[in-house]
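One structure below.
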Amino acid sequence: MIKKKIVAVFLALAGMVAAGCGNSDLMVLTPYGDAVIKEDGTSAGTGAAHASDADKPSADVSDSAAADVADGANGQDASKPAAGGDTSGLLHVGFAQVGAESGWRLAQTQSMKDTFTEENGYIFDFVDCNNNQKTQLQALEQFIENGVQYIILDPIVEDGYDEVLKKAKDANIPVIVVDRKISADASLYACWVGSDFSREGKDAAEWLAAFLSENQRASEEINILTILGSDGASAAIGRTNGFEEIAQNQGGWNLLDKQTGDFTKDGGYAVMKAYLDKYDKIDVVVCQNDDEAFGAVEAIKEAGKTCGPDGDIVIISFDATRAGFEAMIAGDINVDVECNPLEGPFVAELIQKLEKGETVEAIQYMEEGVFAAEEAAAVLPSRVY
């Protein structure tokens, strides 16, 4: 059986210098721990272990890791099996992931890893780009150099991918863009798979309109604050535009402010804390993912205010992760608009169609729903992420 090596690469940021890597070094996840690729192609272990002690070699751990890393640093295929392994019939797929900033992102990554296994007929290279576009572009370049047969790209921002996509096309490597969208010409990639972010934003606004009507508040002045996702991310752009399209037709809705929380709990907490200091009357907070909502709820409670179905502040969230459902059940979030991360099997189907020479639609939407707090307990057992 071929041993799969999942390679996670990311640029070490300034705050990681203590780990022994400068801004231009790369860190690679090997079976025995993290190892740093230096600019000159040499490598060294960082001491962070990812296998149990029983699984590690008793000696020369850093040498083993260094050998794995050196292959990648020198342009060889870091995911290749040991000598003598038979890779005939396996499709080589590379996935350049945004990062691991949220529970949704982790679920998406796991869906890909569970799908693109040797048992299912794949060699899988995985790159965690740590929300750094430069890292992601380097990962894509490395995939092309390694000769992968398909590339899956979840773009960090919309712009800046044209050149590397042209290189992939010249190398006859189809690129499937997932989740977030890009501004590149559609002829440069095979298709896009993901959510209708504008529709998600509209769904959230339409739910709010119905909620206010049901609670005899349709004629009230409603002060709304938004905690945006990452700057330039298509999910943030689409959800914002969709929500505001509906909001502008609601006479009493006041969109007071919108600040980025970068799709993180810490970001949601910081933005909400600032909002609470600035605004006296807050009726609704739109958080563009669950992690931001968790941070916002924490800040609201610290301020001695209430939120959720029985509180004073309505919390609207996106993603509908299990943790999001649990927050609705706990009474912290009013509604969660689904963004389905389980894209792995769907992407695999597309790859198999492309392998057969079939044409695939340029835009592929995942199935999604809208879940209010009152139904969360009944729905939660059926959730898989």
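Among the GluC sites (Glu not before Pro) in the range 185-234, those placed in a DSSP loop whose Cβ has at most 14 other Cβ atoms within 10 Å are Glu220, Glu221. What is the distance in Å between the Cα centroid of the range 205-244 and that of the range 250-293? Cα centres, the range 205-244 to the range 250-293: 11 Å.
Within the range 351-385, the trypsin sites (Lys or Arg not before Pro) that combine a DSSP coil assignment with at most 11 other C-beta atoms in a 10 angstrom radius are Lys356. Local charge for Asn223 was computed over the other residues whose Cβ lies under 11 Å away, with Lys and Arg +1 and Asp and Glu -1, and equals -4. For the residue pairs Lys265/Lys301; Lys134/Lys202; Lys113/Lys265; Lys134/Lys181; Lys202/Lys353; Lys258/Lys305, the alpha carbons lie more than 23 Å apart in Lys134/Lys202; Lys113/Lys265; Lys202/Lys353. Count charges around Thr264 for me, please; just the other residues with Cβ under 9 Å from its Cβ, Lys/Arg as +1, Asp/Glu as -1. Value of the local net charge: -4.
Charge tally around Leu153: other residues with Cβ under 15 Å, Lys/Arg +1 each, Asp/Glu -1 each, net -4. Remark: the Cα gyration tensor places the range 238-316 in the oblate category, a/c being 1.5 or greater and a/b not exceeding b/c. Report note on the peptides 173-182, 241-250: ranked by the mean count of other C-beta atoms within 10 Å, highest first, their order is 173-182, 241-250. Once you reduce the range 301-335 and the range 127-179 to the center of their Cα atoms, the two points are 37 Å from each other.
Values quoted throughout were computed directly from the atomic coordinates according to the rules given, and no laboratory measurement underlies them. For clarity, every value in this text was computed on a predicted model and none was experimentally measured. FYI the Cβ positions are ideal-geometry reconstructions off the backbone, even for glycines, and counts take in every protein chain you see.
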